[in-house]
Amino acid sequence: MTTQENVLPFLQSCAAIAPTFLALGNHEWMLDDADLAAISSTGVAILDNCWVERVVDDRKVVIGGLTSSYVTDYRRFLSSLPVSVRASTRYPKKETSEGLKGLRTASERVPDTAWLGDFAVASPDAFHVVISHHPEYFPLIPASVNLVLSGHTHNGQIAYYSFRRHRWQGLWAPGQGWLPKYTKGVYEGRLVVSAGLSNTARVPRICNPTEVVYLESL
């Protein structure tokens, strides 16, 4: 966290503009309690396999955050280490780190979804939103959830026009592989996937501009 000097000021600025919520994705897999406390100090609400209720324009909204399995896997690894190792090393390295690089498929990495059942029935008349960095988790989220917000795919990094699907389609996405199903846009009327802002991958974006998604209630 200390090397990401722009992160905390950015989050603080977001929280100053509007209520801001953050779910943990694959890039947050090594954050420890001190890192999470630093993020929380900016005014951002961290949704770590939990949810909060808010009232927006006289309507109750329940917002949950589905934590990446990369985070839960690393936490499981930490719990297996001797206490002395955890005390002496802030970020212990997992020897078999291939899965932490985003190369495995969703079927090999499953997030903790046990809380979603209670979340889905909390305040039944409310509008339910899940922030899930990984769109490949979409089939794991109860169908009663009104809106799922995702990213992660970079729209496949290289995009091409699919005449079969009548839309621009990403070529490859972590967790989904080649010709991924969820890359950018709206799916089934309730999953919104952003192509994101990252532009630092070794493979350049081709036919695939960065984007910030703005959703407006009608």
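The values are calculated or read from the model by the stated rules, or taken from the named source; none is laboratory data. Predicted, not measured: the structure shown is a model, and the values here were computed from it. No Cβ is skipped: glycine too gets one built from the backbone with ideal geometry, and neighbour counts run over all protein chains shown.
Within the stretch 32-64, being at positive phi and more than 15 Å from the chain's Cα centre (by Cα) holds for GLY43, ASP57, ASP58. Residues that are part of a loop (DSSP other than H, G, I, E, B) and of a type in the set (A, V, I, L, M, F, W, C) were ranked within the stretch 1-25; the one that is nearest to PRO111 (Cα to Cα) is LEU24. The single condition among (1) under 18 Å from SER150 (Cβ atoms); (2) surrounded by fewer than 14 Cβ atoms within 10 Å (Cβ to Cβ); (3) touching a Leu at 6+ places or on another chain (Cβ under 9 Å) that SER198 does not meet is (3). The one condition from (1) of a type outside the set (A, V, I, L, M, F, W, C); (2) within 19 Å of VAL203 (Cβ to Cβ); (3) surrounded by fewer than 20 Cβ atoms within 10 Å (Cβ to Cβ) that HIS166 does not meet is (2).
Yes or no: SER107 at pLDDT below 95, outside any loop (DSSP other than H, G, I, E, B) and either over 30 Å from LEU179 (Cβ atoms) or in contact with a Gly (Cβ under 7 Å, 6 or more places away or on another chain) (or both)? Criteria not met by SER107. Look through the stretch 69-99, keep the residues that are part of a helix (DSSP H, G or I) and small (Gly, Ala, Ser), and return whichever of them is modelled with the highest pLDDT. Ranking the candidates gives SER69 first.
Being modelled with pLDDT of 95 or more and over 13 Å from LEU191 (Cβ atoms): is that true of GLY156 here? Give the derivation first.
Numbers: modelled with pLDDT of 95 or more: no; over 13 Å from LEU191 (Cβ atoms): yes.
No: the conditions fail for GLY156.
Being in contact (Cβ under 8 Å) with a residue 24 or more places away in the chain, surrounded by 11 or more Cβ atoms within 10 Å (Cβ to Cβ) and farther than 11 Å from ASN155 by Cβ: is that true of PRO174 here? When the stated conditions are applied, PRO174 passes them. Here PHE119 does not qualify as part of a helix (DSSP H, G or I), under 13 Å from GLY65 (Cα atoms), modelled with pLDDT of 95 or more and within 16 Å of the chain's Cα centre (by Cα).
The rows are residues; the columns are (1) surrounded by fewer than 17 Cβ atoms within 10 Å (Cβ to Cβ); (2) part of a helix (DSSP H, G or I).
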position	(1), (2)
HIS27	yes, yes
ASP35	no, yes
ILE39	no, yes
GLY43	yes, no
ILE63	no, no
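Under the condition of being in contact with a Pro (Cβ under 9 Å, 6 or more places away or on another chain) and in a loop (DSSP other than H, G, I, E, B), the residues counted in the stretch 45-61 number 1. In the set ALA37, ALA23, ALA16, ALA45, only one residue is among the small types (Gly, Ala, Ser) and either at pLDDT below 95 or farther than 27 Å from ALA122 by Cα (or both); that residue is ALA16.
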